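The values are calculated or read from the model by the stated rules, or taken from the named source; none is laboratory data. Because the structure is predicted, anything quoted here is derived from the model rather than measured. So basically every Cβ, Gly included, is an ideal-geometry build from the backbone, and we count neighbours across all protein chains shown.
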Amino acid sequence: MKVLALDFPPVSHLFEWPDFAFEGTHLAMNKTVLIYLFALVLTMWLFMSAGAKKSLVPRGVSHVAEGGINFVEDSIVMQTMGAEGKKYVPFLTTMFFFIFFSNIFEVIPFIQFPANARMAVPIAMALLVWVIYNFLGVKNQGFFGYLKNSLFPPGVPKALYLIVTPIEFFSVFIIRPLSLAIRLWANMVAGHLLLVTFAVLSATLWDSTYVGAVAPAAMLVIMTGFEILVSFLQAFIFTILTAVYMGGAIHPEH
Amino acid sequence: MLSLLATTFSILAQAVTDNTEGLKAIGAGLGYGLAAIGPGIGIGVVVAAAIDAMTRQPESAGTARTTMFLGIAFTEALALIGFVVFILLLP
């Protein structure tokens, strides 16, 4: 695809990777799978090695793990679910670190691909969250109580339920998991496209005029910093929205 | 006369089929641009209100920040749906 006389690669070349192992089977491996496996191993290693060393003053890996757990507990769980959400801290912490690690490969040299820019794992995680908050809602409020609390919000005039109930049904049971997955995926796709655009621009201008590459290269550095922030923020937002949905299912609004 | 008409029609038909890709690209660009207006204004409103709350009451800045990120996430979803349409319409 030619954009402004630049040789911009087609979008599918940026996101689709060839299989290199078990081709043609359901277990086919490509770069995305490898990044996810690496993120999984990294998350497990972080907490298992931190848990193995029991010392009073945390150092090194333990320090990172404890900081992460404290962060999730203080600024996600306590703000949205309160003290009784503390038993969900392990689940939310694992989810936060897994999403963060698979996002951060966007800026790691020579890998430079955010695994969450493919839709499969974000939608799987969003469906998992959907199952969990519906299960919690049914468990804590009963099936009909949960339906009543989520479809008929209190404090609305009776006649308006004709409009409000269908909207609430769509937003609670369909839009929530979809928007959760799309938010993560689209942010990563947009970030990857942004970085690729400035990298292609820098390379092309370096080939023709050496001086012209200075501005796009500076922009590439700035955007790389910005993408580190985005990959942290998206992990944070995914986790906090999960906590909000779970909190809403445990405690209905009155 | 009839043949002229036929030629005109075939040219017109040709023009229509040839323009599809271009129209798609224009639609994708316009669609994303239009979808970004509302969320842009919305995120501005959210952040302005959050900064207002944080400066008035610095002790509750943590809660305000969390709520601000939630508000941004919900507002941003609309822009991201526009972005998805843009990706789907790309030739």
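Here is the figure for the range A:40-54: residues that are loosely packed, with under 13 Cβ neighbours inside 10 Å and touching a residue at least 40 places away in the same chain (Cβ under 8 Å) total 0.
For the residues B:72, B:43, B:81, B:37, the requirement of being under 10 Å from the mean Cα position of the chain (by Cα), at negative phi and either modelled with pLDDT of 90 or more or not β-branched (Val, Ile, Thr) (or both) singles out B:37.
Considering the range A:173-183, and only residues there that are more than 8 Å from every other protein chain (Cβ to nearest Cβ) and under 14 Å from residue B:74 (Cβ atoms), the residue that is surrounded by the most Cβ atoms within 10 Å (Cβ to Cβ) turns out to be A:180. Among the numbered conditions (1) in contact with an Asp or Glu (Cβ under 8 Å, 6 or more places away or on another chain); (2) of a type outside the set (Gly, Ala, Ser); (3) within 22 Å of residue A:135 (Cα to Cα), the only one that residue A:195 does not meet is (3). The set of residues from the range A:92-118 being aliphatic (A, V, I, L, M) and under 11 Å from the mean Cα position of the chain (by Cα) comprises A:95, A:99, A:104, A:115, A:117. Residues that are under 24 Å from residue A:26 (Cα atoms), surrounded by 15 or more Cβ atoms within 10 Å (Cβ to Cβ) and of a type in the set (A, V, I, L, M, F, W, C) within the range A:120-150 comprise A:121, A:123, A:125, A:126, listed in sequence order. Checking the condition surrounded by 18 or more Cβ atoms within 10 Å (Cβ to Cβ) and away from chain B (no Cβ under 14 Å), which residue from A:223, A:188 passes? Being surrounded by 18 or more Cβ atoms within 10 Å (Cβ to Cβ) and away from chain B (no Cβ under 14 Å) holds for just one of A:223, A:188, which is A:223.
Restrict the check to the range A:147-168 and report whether at least one residue is within 14 Å of chain B (Cβ to nearest Cβ) and either in contact (Cβ under 8 Å) with a residue 40 or more places away in the chain or under 16 Å from residue A:252 (Cβ atoms) (or both). Checked the range A:147-168: no residue is within 14 Å of chain B (Cβ to nearest Cβ) and either in contact (Cβ under 8 Å) with a residue 40 or more places away in the chain or under 16 Å from residue A:252 (Cβ atoms) (or both).
Checking the range B:60-75 against the condition returns a match, with at least one residue being within 13 Å of chain A (Cβ to nearest Cβ), of a type in the set (Gly, Ala, Ser) and under 19 Å from residue A:188 (Cα atoms). Residues in the range A:17-39 that are among the charged types (D, E, K, R) and surrounded by 15 or more Cβ atoms within 10 Å (Cβ to Cβ): A:31 only. Residues considered: A:122, A:109. Of these, the only one that is without any contact (Cβ under 8 Å) to a residue 24 or more places away in the chain and not aliphatic (A, V, I, L, M) is A:109.
Among the conditions (1) of a type in the set (A, V, I, L, M); (2) under 26 Å from residue A:140 (Cα atoms); (3) surrounded by fewer than 12 Cβ atoms within 10 Å (Cβ to Cβ), the only one that residue A:57 does not satisfy is (2).
Check whether at least one residue in the range A:132-140 is touching a residue at least 40 places away in the same chain (Cβ under 8 Å), polar (S, T, N, Q) and at negative phi, and report yes or no. Yes, the range A:132-140 contains at least one residue that is touching a residue at least 40 places away in the same chain (Cβ under 8 Å), polar (S, T, N, Q) and at negative phi. Inspect the range B:52-66 for any residue being closer than 18 Å to residue A:233 by Cα and in contact (Cβ under 8 Å) with a residue 12 or more places away in the chain and give the result as yes or no. Checking the range B:52-66: at least one residue is closer than 18 Å to residue A:233 by Cα and in contact (Cβ under 8 Å) with a residue 12 or more places away in the chain.
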